[in-house]
Amino acid sequence: QVQLVESGGGLVQPGGSLRLSCAASGSMLSIYTMGWYRQAPGKQRELVAIITIGGRTNYADSVKGRFTISRDNAKNTVYLQMNSLKPEDTAVYYCNARRELAPAYNYWGQGTQVTVSS
């Protein structure tokens, strides 16, 4: 079992910045990839950014150049630095951890609200 706890969400004006944190606890066996997803009202959940234990990253086109994902393996913590925020970034942001076994299993945090508005 893995528990994921997100923090750092809030209200910010367009052009502002936020940093989200995701602290993982429990067994990290075969947890090779972690990431951030988001879901806006009436929309499906979408991938924002992922990072492997070796530091390989991938980003959604909509956030490239503005968001940076990183991880501290010693602390089992993943971060999402969000700069130049836009109103369309408003969503609940969820931390994800994937246990890559057969079959694979995904763990999710409770979500943290990010609202970008003047």
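The values are calculated or read from the model by the stated rules, or taken from the named source; none is laboratory data. For clarity, every value in this text was computed on a predicted model and none was experimentally measured. Backbone-built Cβ (ideal geometry, glycine too); neighbour counts: all protein chains shown. To get the accessible areas, we keep the full protein, side chains included, count just its heavy atoms, and leave off ligands, DNA and RNA. Shrake-Rupley method; radii C 1.70, N 1.55, O 1.52, S 1.80 Å.
Data table
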{"quantity": "Packing rank of 41-48, 63-70, 80-87, where each peptide gets the mean count of other beta carbons within 10 Å, highest leading", "calculated": "80-87, 63-70, 41-48"}
{"quantity": "Contact order relative to length of the chain, as percent, for alpha carbon pairs under 8 angstrom and 6 or more apart", "calculated": "36"}
{"quantity": "Percentage relative contact order, segment 1-65, counting C-alpha pairs under 8 Å, at least six apart", "calculated": "22"}
{"quantity": "Inter-label distance for E46 and R19, nm, one decimal - labels placed 7 Å from Cα along Cα-to-Cβ", "calculated": "2.6"}
{"quantity": "Calculated over the chain: convex hull of Cα atoms, volume per residue (Å³)", "calculated": "99"}
{"quantity": "Listed residues E88, E100, E6 arranged by accessible area, highest first, probe 1.4 Å", "calculated": "E88, E100, E6"}
{"quantity": "Percent antiparallel among DSSP beta bridges (both partners in the chain, rounded to 5)", "calculated": "95"}
{"quantity": "Point-to-point label distance, R66-T115, nm (Cα→Cβ direction, 7 Å offset)", "calculated": "1.9"}
{"quantity": "Exposure of Y105 as accessible area (Å², to 10), given a probe of 1.4 Å and all protein chains", "calculated": "120"}
